[in-house]
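Novice: Can you keep this structure in mind? I'll have questions shortly.
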Amino acid sequence: MPVLVMKFGGTSVATLDRIRRAAKRVGVEVSKGYDVIVIVSAMSGKTNELVGWVNETSPLYDAREYDAVVSSGENVTAGLMALTLQEMDVPARSWQGWQVPVKTTSAHSAARIEDIPPENIMAKFGEGMRVAVVAGFQGVSPEGRITTLGRGGSDTTAVAFAAAFKAERCDIYTDVDGVYTTDPRMCDKARKIDKIAFEEMLELASLGAKVLQTRSVELAMRYKVKLRVLSSFEEQSDDAGTLVCDEDEIMESNVVSGIAYSRDEAKMTLVSVADRPGIAAAIFGPLSDAGINVDMIIQNISEDGRTDMTFSCPTEQVARAQKAMDEAKSAGEINFQDLVADTNVSKVSAVGIGMRSQSGVAAKMFKTLSDEGINIKVIATSEIKISVLIDRKYMELAVQALHDAFELDKAT
Ligand code: ASP
Ligand code: MG
């Protein structure tokens, strides 16, 4: 029988009532003839509570015990979901990660899935079981210890199961009814997108549209897993929600698919560094060693052999970036006059695979911002994305103006 993966996030299993509602959705797919793998998150708020308990008990905790504790929320929902299905006469049982087994690396609290042998679950399907309820977010290390995949990791569990079981589709049930052209809280004209390409979703996910864990989209793209994001709170038809799929499956799309933003960015300028071969490596090597997520980079024209180097990073990393640069300066690896941090900027990006074949997107974006009197501080482009840094106080205005300019409120 064809396999379907259905994932229910924390808000979709927050109460016994909601678990019952989710189980009914599962029952509908079972009656269509699917064998279903259900991936569950912990009840909403549970994981935060568990993390809090660990921190309170042991601020410099042993990461293996952190995982033992925070993975437990999913165990509860997996068992409750299996019981609920059994009450509905659907043959179901629960599986914890280690029982499947979901084999991961030993990077505790940020483990990666290495392998999911399908044999155990397939054997049960062969015996008449119709639903395998699997605790998301967790696995087992080569040392036999429980691991977790990082916050939001049950999305990644779901996609990995869909790949391992060659599922027809992976449905992600959540508290929103799909992926939007921009954040609906910021722009009331935001529209739900019916279909979006993996690459676009990846840009939107990493830019702060927090619907799916970024890693889950990377995995879906690699294994071509059809992903559907939909609401567990609405009656669903077969084409509900947003389908995240290969771009070949999208016939017609807007040049720009969405406007993403990241509120808390910082613009860092190293004033007067020597313009010589190796200078970029001498600056960005130490920043990368310090774990700074540098995004945009600009080197100004040089005068008398000296230049300014500007880069952007999240505001929360500014202090660490400053420290890394000061240390590199003390060690004589780089020399600069000053490091100026502007922490009042935000990043706004237009994303769309249509940009590959159509020109003029950048010009339109810059014109739109200039018509609103918004000054652009830094620009960066990729094949399918144009990002600008602007003063934070204009962020909302910029998102709305760009959403209008690219007519994202209209479907193609
Ligand atoms: N319960 C975990 C978290 O809150 C994993 C998940 O829900 O995806 O991060
Ligand atoms: Mg989530």
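The values are calculated or read from the model by the stated rules, or taken from the named source; none is laboratory data. Here the structure is a predicted model, which means the values were calculated and not measured. Note that we place each Cβ from the backbone using ideal geometry, even for glycine, and neighbour counts take in every protein chain shown.
Novice: Just give me the residues in segment 134-172 being within 14 Å of ligand 2 (Cβ to nearest atom) and at positive phi, in sequence order.
Specialist: 137, 150, 152 - these are the residues of segment 134-172 that are within 14 Å of ligand 2 (Cβ to nearest atom) and at positive phi.
Novice: Quick test of your reading of the structure: residue 203 fulfils all but one of (1) crowded, with 22+ Cβ neighbours inside 10 Å; (2) over 18 Å from residue 408 (Cα atoms); (3) more than 15 Å from ligand 2 (Cβ to nearest atom). Name the failing condition by number.
Specialist: Of the numbered conditions (1) crowded, with 22+ Cβ neighbours inside 10 Å; (2) over 18 Å from residue 408 (Cα atoms); (3) more than 15 Å from ligand 2 (Cβ to nearest atom), the odd one out for residue 203 is (2).
Novice: Checking residue 84 against (1) away from ligand 2 (no atom under 16 Å from the Cβ); (2) in contact with a strand residue (DSSP E or B) (Cβ under 7 Å, 6 or more places away or on another chain); (3) among the polar types (S, T, N, Q), which test does it fail?
Specialist: Among (1) away from ligand 2 (no atom under 16 Å from the Cβ); (2) in contact with a strand residue (DSSP E or B) (Cβ under 7 Å, 6 or more places away or on another chain); (3) among the polar types (S, T, N, Q), residue 84 violates only (2).
Novice: Report whether or not residue 240 is closer than 30 Å to residue 329 by Cα and either part of a loop (DSSP other than H, G, I, E, B) or touching a residue at least 60 places away in the same chain (Cβ under 8 Å) (or both).
Specialist: Considered against the rule, which asks whether it is closer than 30 Å to residue 329 by Cα and either part of a loop (DSSP other than H, G, I, E, B) or touching a residue at least 60 places away in the same chain (Cβ under 8 Å) (or both), residue 240 comes out as no.
Novice: Out of all the residues in segment 236-253, which are modelled with pLDDT under 85 and surrounded by fewer than 18 Cβ atoms within 10 Å (Cβ to Cβ)?
Specialist: 236, 237, 238, 239, 251, 252
Novice: Among the residues of segment 19-41, is there at least one that is touching a residue at least 24 places away in the same chain (Cβ under 8 Å), of a type in the set (Val, Ile, Thr), more than 16 Å from ligand 2 (Cβ to nearest atom) and touching a Ser or Thr at 6+ places or on another chain (Cβ under 6 Å)?
Specialist: yes
Novice: Can you tell me which residue is surrounded by the most Cβ atoms within 10 Å (Cβ to Cβ) among those in segment 152-200 that are part of a loop (DSSP other than H, G, I, E, B) and within 16 Å of ligand 1 (Cβ to nearest atom)?
Specialist: 153
Novice: Of the residues that make up segment 224-241, is at least one within 16 Å of ligand 1 (Cβ to nearest atom) and farther than 24 Å from residue 22 by Cα?
Specialist: Checked against the condition, which is being within 16 Å of ligand 1 (Cβ to nearest atom) and farther than 24 Å from residue 22 by Cα, segment 224-241 yields no hits at all.
Novice: Which of the numbered conditions does residue 268 fail, given that it passes all the others? Conditions: (1) farther than 30 Å from residue 203 by Cα; (2) modelled with pLDDT of 95 or more; (3) buried (at least 17 other Cβ atoms within 10 Å of the Cβ).
Specialist: Status for residue 268: all satisfied but (1).
Novice: Continuing with this model, one more query. Which count do you get for residues in segment 49-67 that are among the aliphatic types (A, V, I, L, M), part of a helix (DSSP H, G or I) and more than 24 Å from the chain's Cα centre (by Cα)?
Specialist: The total comes to 1.
Novice: Go through (1) surrounded by fewer than 20 Cβ atoms within 10 Å (Cβ to Cβ); (2) at negative phi; (3) touching a residue at least 40 places away in the same chain (Cβ under 8 Å); (4) not in a loop (DSSP other than H, G, I, E, B) one by one and return the number of the condition residue 260 breaks.
Specialist: Condition not satisfied by residue 260: (1).
Novice: So if I check each of 24, 32, 103, which one is more than 16 Å from ligand 1 (Cβ to nearest atom) and under 14 Å from residue 146 (Cβ atoms)?
Specialist: Step by step, each of 24, 32, 103 is checked, and only 103 is more than 16 Å from ligand 1 (Cβ to nearest atom) and under 14 Å from residue 146 (Cβ atoms).
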